[in-house]
Structures are given as structure tokens and as C-alpha cells.
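K.L.:
I'd like to ask some things about the structure below.
The values are calculated or read from the model by the stated rules, or taken from the named source; none is laboratory data. Keep in mind it's a predicted model, so treat the numbers as computed, not measured. Note that we place each Cβ from the backbone using ideal geometry, even for glycine, and neighbour counts take in every protein chain shown. Please note that ligands, DNA and RNA were not included when accessible areas were found on the heavy atoms of the full protein model with its side chains. Shrake-Rupley method; radii C 1.70, N 1.55, O 1.52, S 1.80 Å.
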Amino acid sequence: MAIGVLALQGSFNEHITALRRLGVKGVEIRKPDQLDDVTSLIIPGGESTTMAKLAEFHNLFPALREFVKSGKPVWGTCAGLIFLADKAYGQKIGGQELVGGLDCTVHRNYFGSQIQSFEAELSVPELVSKEGGPETFRGIFIRAPAVLEVGPGVDVLAEYPVPSTNILYSSSAVKIQEENAVPENKVVVAVKQGNVLGTAFHPELTADTRWHSYFLKMGCEAEAQDKASSSIVPVGGLESFDEKPRIDFPVYQ
């Protein structure tokens, strides 16, 4: 299994290191034809406008869109989530090209500027049910986006509370919320739609590899489905045909 990591800019090395901890090879992707040799793709965090310009320079957008449409698993973290969204707000003048594939609307830099970056414990029941480990995941938000709206086919995997009187999050907003009990809303920070996964935070910057393991299993499930759909089963077919293959990946401890 070779997992591609878009290596135009951003934290691609950290993703490759996380994959290595799970015994999986990560391949740096910079040209369209390199996508032919990988089973899944990670689009890392970074500066989304810069990444978009580099992707356009290397003529990567058509190949990236085809990869998403092919059904192969794709995961975007932070800037990668912006890339995969069908709609994005808060872009710089002139906008930026998007890959699309996630039926959601993302607000770029929703939580504020670089100095308003933060860490928070997130409730992640879906991740825990599949990977075990602690009940929460330590999310690292660096000039992060947030998902404002999701389509009917999108599963919400994690949310984060923000005071309803504040558009942007900051450490001071948390203090106000705790002391004065300001009513809060929740914004979505992790989603999944079919073969596409998106997180507004950076799992690759932690020692917790559960999100990477979760993504790897998405690839195994997709491969198993492809094999099942292409198999010809004789009349009175094999009794074990419906059995799911066992998938053993390390889980966070």
C-alpha cells in the first residue's frame, strides 16, 4: 500500500512520518502522473492560496479531481480541507481554485490569524469506535478553517463550540464563555463523505496516529469493495463471500 501525500507546500513530511509509524509508505506527489501509483491521497495543511497556485502551475487540478471521482480515499487536513470543499468563503482577492468533492461550505481562517492558533480536546466518537484509545483527540488548530454547512450525504465526525456572539475564535473567547456563560454554537471541524475525509486540525502534528489509521482502513475498505464488485460468484456461491477481511492496524495507546 503506497499512500500519496501532496508535497507542494505545508506539512507533508509530518504526514509521511505518521504513516511510517504505522508501517506504511508515504509517497510525495508533485506531478499528475504520480497519482497513478498510489492507492490513496493526503492533502496536507499549509497555505491554501500558495498550494493552489503551485497546483495550477503543475496542472494538478484535473488529475486531483479525477482521483477524487475515482472513489480512492482522499484526506484533506486544514488547507487540504479547503481544497476539497465544494465552496469556500474568506478567500483572498481573486479567490482560489478548489478540487471539490466534499459537499460542504468552508470558511477559510475561521478561527482567526496565526496568533489565534490553539489546541483543544475534541469529542470523536466515530474515531474511538473504530480505533479505540482515549475518548477525545487533541486537535491542533493553526490559522484553521471551519465547516459552516454540510450537505445531506456528509457525516459530521467532530465539532467545536464557539460563543454565539463571536464570529472568530480566540483564547479570550473561551474565557468569556466560561465566566459569563455566553450561549454557544458549534462549528464542524471533521467530516467524511464517501471516500473523502476532511479535518480542520492537524493530526500529523501529534503522536496520536488514530486518524491516519482510520484513513488507511478507508483504503482497505474501498479495495475490498472493488474486489467484491468485480468477483464472479457461481450459483450457490462461496459461503464466505460476505465475510469482511480482517484489517489489523496499530491503534493509539
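K.L.:
For the pair T49 and E97, how long in nm is the line joining their label points, each one 7 Å along Cα→Cβ?
P.N.:
Spacing of the two 7 Å Cα→Cβ label points: 1.8 nm.
K.L.:
Counting other Cβ atoms within 10 Å, which trypsin sites (Lys or Arg not before Pro) in region 1-58 have at most 16 and lie in a DSSP loop?
P.N.:
The qualifying sites are R30.
K.L.:
For region 38-99, what is the relative contact order in percent, using Cα pairs closer than 8 Å and at least 6 residues apart in sequence?
P.N.:
Worked out over region 38-99, it gives 47 percent.
K.L.:
Where only protein heavy atoms count, and the probe is 1.4 Å, what is the accessible area per residue for region 16-130 in Å²?
P.N.:
Normalised by residue count, the accessible surface of region 16-130 is 46 Å².
K.L.:
Quick one: if you stick a label point 7 Å off each Cα along the C-beta vector at M1 and S70, how many nm between them?
P.N.:
So the two model labels end up 1.7 nm from each other.
K.L.:
Quick one: Debye curve from the C-alpha atoms of region 1-131, no solvent, what's log10 I(q)/I(0) at q = 0.13 Å⁻¹?
P.N.:
-0.56
K.L.:
Order 46-52, 201-207, 148-154 from most to least packed using the mean count of other Cβ atoms within 10 Å.
P.N.:
So the order, starting with the most tightly packed, is 201-207, 46-52, 148-154.
K.L.:
Can you find, among Y89, S123, F137, the residue sitting farthest towards the positive end of the charge dipole of region 72-168, where Lys and Arg contribute +1 and Asp and Glu -1 at Cβ?
P.N.:
Projecting each Cα onto the dipole axis, the largest value belongs to Y89.
K.L.:
While we're looking at this one, here's another question. Give, in nm to one decimal, the length gained when the segment between K186 and T105 is fully stretched (0.36 nm per residue of separation minus the Cα-Cα distance). If you can, show how the numbers build up before the last one.
P.N.:
Values: separation 81, 0.36 × 81 = 29.16 nm, distance 1.47 nm.
Contour length minus Cα-Cα distance gives 27.7 nm.
K.L.:
List, in the order given, every pair from K25/K186; K53/K217; K53/K186; K25/K130; K25/K87; K31/K69 whose Cα-Cα distance in the structure shown is over 29 Å.
P.N.:
Values: K25/K186 36 Å; K53/K217 31 Å; K53/K186 32 Å; K25/K130 22 Å; K25/K87 32 Å; K31/K69 18 Å.
As for pairs spanning more than 29 Å Cα to Cα, those are K25/K186; K53/K217; K53/K186; K25/K87.
K.L.:
Could I ask something else about it? Run the dipole for region 35-115 about the Cα centre, Lys and Arg Cβ at +1, Asp and Glu Cβ at -1, nothing else charged, and hand back the magnitude in debye, nearest 20.
P.N.:
I would put it at about 220 debye.
K.L.:
Between A120 and D37, what is the label-to-label distance in nm when each label sits 7 Å out along the Cα-to-Cβ direction?
P.N.:
Going from the A120 label point to the D37 one covers 4.1 nm.
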